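Read the structure below first, then the notes.
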Amino acid sequence: MKQNEDFPLKDVTQKIISCALEVHSALGPGLLESLYEEALVEEFKLRNILFERQKEIIMIYKGKNIGNHRIDLLVEDKVIVELKATDAINKIYEAQLLTYLKATNKRIGLLVNFNVERLKDGIKRLII
């Protein structure tokens, strides 16, 4: 199987992860999620990465619009990024991201938990 098929949108996700690593390297763990989001957005701007912040999405149930919800970041209109600053990545966060992917018809999501010693341990890629 080709590398691209193993990790769809690998180029975009690598850019996002690189930015997140830069933010984590500069700030370290232990801050509020909102501060990491602010810093990550600044890093995206510095690198000319297109993104939408706190993007509102419509939630549909049995064909009916039941309301709106916000996702942390949508990068290059392709990858949803959900940010956390928690002690551990809970399975519910993964389920939440999968719900966002289905609701937006996107295939790739990154769950990034900044409250870890090594950011590598706080990144989860989800593909549907």
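Just so it is clear, none of the values below were taken in a lab; they were calculated from the coordinates. In this text, all values refer to a predicted model and were calculated from it rather than measured experimentally. FYI the Cβ positions are ideal-geometry reconstructions off the backbone, even for glycines, and counts take in every protein chain you see.
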Most fluctuating residue given options N113, N65, N105, as computed from a GNM of the chain linking Cα atoms under 10 Å: N65
Radius 13 Å from Cβ of G28, net charge of other residues (Lys, Arg +1; Asp, Glu -1): -1
Among L110, L73, L32, residue whose mean-square fluctuation peaks in a GNM of the chain (springs only between Cα atoms under 10 Å): L32
Correct option for P(r) over Cα pairs in 10 Å bins from 0, in percent [calculated from the coordinates] among (i) 14, 51, 33, 3; (ii) 11, 32, 27, 19, 9, 3, 0; (iii) 12, 45, 34, 9, 1: (iii)
Charge context of I89, other residues only, Cβ under 15 angstrom, K/R +1, D/E -1: -1
Size of charge dipole - the chain - debye, nearest 20, with Cβ of Lys, Arg +1 and Asp, Glu -1, no other charges: 580
Max mean-square fluctuation residue, GNM over the chain, Cα-Cα springs under 10 Å, options E94, E82, E38: E38
